[in-house]
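Note sheet for the following structure.
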Amino acid sequence: MYLTYFKGQWAEGNVPLFGAMDHSVWLGSSVFDGARAIRGRLPDLRPHLERVIRSAERLGLQCPLTVDEMEALVREGVAKFPADAELYVRPLVFGAEGFLVPVPDKSAFALTLFDAPMPPFTGFSACLSTLCRPDASMAPTDAKASALYANTTRAIRAATACGYDNAVVVDSDGNVAEFATSNLFLVTPEGKVVTPVPNGTFLAGITRARVIALLAEAGVAVEERSVHPDELLTALEIFNTGNYGKVTPCIRYEQRTLAIGPVASLARERYLAFTGAT
């Protein structure tokens with residue numbers, strides 16, 4: 001089920017949003033965010049809504065709604081689904097008018113909610129991509145910009161062609177940035193939990209920050225630093241954080257088979273407990 005709020009009303013199905021001359025269509029001026037509704041719970045909803053406003057500003061757009069207005073709409077929309085629904089919540093801001101530069105106060109807004117059951121905690125496979133994440137001098141890497149995802153889909157297409165589910169993408173210095181679709185964590189042979197330090201090439205996600213904090217509360221420190229791709233070849237655990245699956249283990253990296261380890265399991269357990277308490 002798809003449910004979209006656009007121009008003051010809710011509608012089901014794949015609601016048409018764009019015109020052929022809209023700036024977003026031919027010059028890519030759109031941003032979005034992804035939150036979750038899990039059986040009526042809305043973990044970290046406001047940070048996601050705050051980020052879509054910031055993302056819009058980075059692209060010269062202006063979100064027509066405030067955080068409070070968006071939150072009210074999300075809650076209104078969630079109430080239209082069954083109480084046990086697991087939903088993806090996607091606010092979208094896009095340029096409607098402008099030639100080369102979008103007209104900020106003509107930006108449009110749509111909110112879509114759709115069924116997206118939480119994936120099972122069974123894991124995924126990944127390989128190292130030959131593609132790089134752009135840095136801030138090349139692209140709006142400080143925004144959740146739709147245009148950035150063309151590179152993401154290239155990496156995933158190449159990975160799936162080789163029999164993997166996802167790809168690890170490096171930055172322009174050759175260090176690990178993230179998975180193509182989510183932030184990356186690993187556990188070193190010494191037992192340290194590590195995640196790439198934010199360096200302007202990837203979004204340090206809201207779920208990533210929440211997991212770091214939850215692990216800290218459980219007595220597990222997470223070290224943020226540069227990560228060389230070779231470290232993934234000796235890691236005891238590799239897992240991701242992101243809005244779609246929250247915490248998901250990588251059970252095969254390149255030719256290595258990895259167990260679902262205790263740190264990923266703890267992170268998932270703590271996150272679900274946090275969700276249940278919100």
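The values are calculated or read from the model by the stated rules, or taken from the named source; none is laboratory data. Bear in mind that the values here come from a model prediction, so they are computed numbers and not experimental data. Note that we place each Cβ from the backbone using ideal geometry, even for glycine, and neighbour counts take in every protein chain shown. These area figures cover heavy atoms from the full protein model, side chains too; ligands, DNA and RNA do not enter into them. Shrake-Rupley method; radii C 1.70, N 1.55, O 1.52, S 1.80 Å.
At pLDDT 95 or above, closer than 19 Å to Ala126 by Cα and open to solvent by less than 10 Å² (accessible area, probe 1.4 Å), is that true of Ala235?
yes
Out of all the residues in the range 102-155, which are in a helix (DSSP H, G or I) and open to solvent by less than 30 Å² (accessible area, probe 1.4 Å)?
Of everything in the range 102-155, those that are in a helix (DSSP H, G or I) and open to solvent by less than 30 Å² (accessible area, probe 1.4 Å) turn out to be Leu148, Thr152, Ala155.
Residues in the range 157-164 include at least one that is touching a residue at least 40 places away in the same chain (Cβ under 8 Å) and under 21 Å from Asp230 (Cα atoms). For the residues Val25, Val52, Val67, the requirement of being surrounded by 14 or more Cβ atoms within 10 Å (Cβ to Cβ) and either in contact with a Ser or Thr (Cβ under 6 Å, 6 or more places away or on another chain) or more than 30 Å from Tyr271 (Cα to Cα) (or both) singles out Val25.
Do we have Pro82 as more than 21 Å from the chain's Cα centre (by Cα) and surrounded by fewer than 18 Cβ atoms within 10 Å (Cβ to Cβ) here? Don't jump to the end; show me each part of the working.
Values: more than 21 Å from the chain's Cα centre (by Cα): yes; surrounded by fewer than 18 Cβ atoms within 10 Å (Cβ to Cβ): yes.
Yes: the conditions hold for Pro82.
In the range 57-81, the residues that are touching a residue at least 12 places away in the same chain (Cβ under 8 Å) and within 20 Å of Phe94 (Cα to Cα) form Cβ pairs under 9 Å with partners that are in a loop (DSSP other than H, G, I, E, B) and open to solvent by 90 Å² or more (accessible area, probe 1.4 Å), at six or more places apart or across chains, as follows: Gly60/Val101. Please tell me if Arg46 is free of Cβ contacts under 8 Å to residues at least 40 places away in the same chain and outside any strand (DSSP E or B). Yes: the conditions hold for Arg46.
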